[in-house]
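These notes concern the structure reproduced below.
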Amino acid sequence: MLVQPKFIFVTGGVVSSLGKGIAASSIGALLESRGFKVTLQKFDPYINVDPGTMNPYQHGEVYVTDDGAETDLDLGHYERFTSTTTTRYHNVTTGQIYHSVITKERRGDYLGETVQVIPHITDEIKSALMRVSEGNDVVITEIGGTVGDIESQPFLEAIRQFKTDMGWENVMYVHVTLVPFIQSAQELKTKPTQHSVKALREIGIQPDILLCRSVQKLPESVRRKIALFCDVRNDAVFTAQNVPYIYKVIPGYHEEGVDQKIIDFFKLEGGHEADLTEWNDIVHRLDAPEHTVNIGIVGKYVELQDAYKSMVEALIHGGIANQAKVVLHWIEAEDIEQKGAAAILGDMDGILVPGGFGKRGAEGKIEAVRYAREQKVPFFGLCLGLQCAVIEFARHVCGLKNASSSEFDPEGQCLVIDFLPEQLKIQDKGGTMRLGAYPCAIKPGSLAHQMYGKTNISERHRHRYEVNNEYVKVLTEHGLVVSGAAPDGSLVEMIELQDHPWFIGTQFHPEYKSKPRKPHPLFAGFIKAAVKRNTLL
Ligand code: GLN
């Protein structure tokens, strides 16, 4: 443990979507591979308090932490790339900062003072940095948005001041930019990077490292030019080359010398040579798979895969565990309603119904479950996927023809999925959702038990509705297995089928906890079953 934690700030310029989150996470992974304890944090300059209520088209996935915070999807990358466990303090928005300052002002904490952006807002931002630093050698904080945005200015001002507060030797600025290749000129262009660094320098931040996104490795002449005009050391301008999958960024940065540069900059002591054995193995497995499986994902928003980020990664991790290339087929649930499940799902080795909200496409999802159950195709239902599986079973196996969820049919007569009144207790914790980690007791001898290898687990939730306990008896009498439940038995957490190669539904979201170095057992098991089906067919 270092006595004084080091702080790395990751900003972005030129355009958004440059992969700042992956850049920050990869730096974290590399420092961890050298024996340092790291954590990562995201500052989001929007005014929403959290992304919980944002449209997935705009925001992508809402990532849920153990402590039940609804956060930015980059926190998922932080947890997948490193061993940090994020909390509500790891995602800080403008909304939260202002909320906290205004609450203090109303309480009289600033009595007599005029409350201003500087110092009150900036101080609040700086205290958010200190809050996650305890117990860590290095804190990496990513600033959302692009340098030059009006709304990110208080955050940039706070991180600028932080260097003086903490000592120059303890703070580093990493700027991620774009060096585009212009076809007509057949040339890499440095001007956008120059402008972006200029914008950063205007607010007083001099980057220590530039990570230049580029389709090709920057030639020495281009690097020198960028160094010269941006006042960055020649050996601190790195190519962040495009890669086929995100985990390849880690060894890529290492080859470029990014981690060594950081070690030298901070004069970090007590670490060791980078141990990339696990990451190299992952890259090898992804580069040279032995199997291919086709997974049909039946959902809404299928055109917007960022909304399912953690699930996509978890499926890839399942592939890593089985040396399999996982080919995802995004299927609009409404297409199944029109064309029938067999026509669309016939070639799939596994069918997955992911989490989701609302009625649209529900019947198509239920049809997909029916097809998977009857045709004995490996099936995995996540959250809404479990709910659809319970409805399907109730309708077609138990003969409860009107079975539904109060989310789809609020006036329904046979609500096997319902809003449980006991849940109202958690109302003040963010609407009416069950959020965050809850313990679950696994039924001994079940498929779930075989997958997890233990009977006590903890998984993260984000949902409103639950299996209605009034129907559990009829469901189980007809063969549905409740293989996971709240330890006091009050809530169904997992279901499965007997006489089926692999059929599991989870009320929780196991995808949030899957990591490439530790694929989640359910995703590993699902892909394994899909590989088996593929080999048999
Ligand atoms: N819409 C469902 C519920 O609120 C499922 C949510 C989800 O899949 N995350 O219970």
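The values are calculated or read from the model by the stated rules, or taken from the named source; none is laboratory data. This is a predicted model, so every value here is computed, not measured. Every residue, glycine among them, receives a Cβ derived from its backbone with ideal geometry; neighbour counts consider all protein chains shown.
Things worth noting here:
- With respect to the conditions (1) free of Cβ contacts under 8 Å to residues at least 40 places away in the same chain; (2) among the acidic types (Asp, Glu); (3) touching an Asp or Glu at 6+ places or on another chain (Cβ under 7 Å), ASP109 falls short on a single one, namely (3).
- Condition check for ASP418: of a type in the set (Asp, Glu), within 13 Å of the ligand (Cβ to nearest atom), without any contact (Cβ under 8 Å) to a residue 60 or more places away in the chain and within 22 Å of LYS365 (Cα to Cα): yes
- Count of region 128-143 residues which are outside any strand (DSSP E or B) and within 30 Å of VAL15 (Cβ to Cβ): 3
- When HIS520, HIS509 are checked against the criterion of being away from the ligand (no atom under 16 Å from the Cβ), in contact (Cβ under 8 Å) with a residue 60 or more places away in the chain, under 19 Å from GLY76 (Cα atoms) and not β-branched (Val, Ile, Thr), a single residue qualifies: HIS520.
- Within region 305-321, none of the residues are in contact (Cβ under 8 Å) with a residue 12 or more places away in the chain, surrounded by fewer than 22 Cβ atoms within 10 Å (Cβ to Cβ) and in a loop (DSSP other than H, G, I, E, B).
- Taking the criterion of being within 15 Å of the ligand (Cβ to nearest atom) and either closer than 20 Å to GLU477 by Cβ or touching a Cys at 6+ places or on another chain (Cβ under 7 Å) (or both), the residues of region 364-386 that qualify are LYS365, ILE366, VAL369, GLY381, LEU386.
- Across region 348-363, not a single residue is classified as basic (Lys, Arg), within 12 Å of the ligand (Cβ to nearest atom) and crowded, with 24+ Cβ neighbours inside 10 Å.
- Tallying residues that are free of Cβ contacts under 8 Å to residues at least 12 places away in the same chain, among the hydroxyl-bearing types (Ser, Thr, Tyr) and under 17 Å from GLU151 (Cα atoms) within region 112-125 yields 0.
- Residue tally, condition farther than 17 Å from MET172 by Cα and surrounded by 24 or more Cβ atoms within 10 Å (Cβ to Cβ), over region 30-50: 1
- Subset tally (residues that are in a strand (DSSP E or B) and closer than 11 Å to PRO521 by Cβ) for region 443-458: 1
- Matching residues, region 8-62, being over 17 Å from GLU142 (Cα atoms), outside any loop (DSSP other than H, G, I, E, B) and at pLDDT below 95: GLY52, THR53, PRO56, TYR57, GLN58
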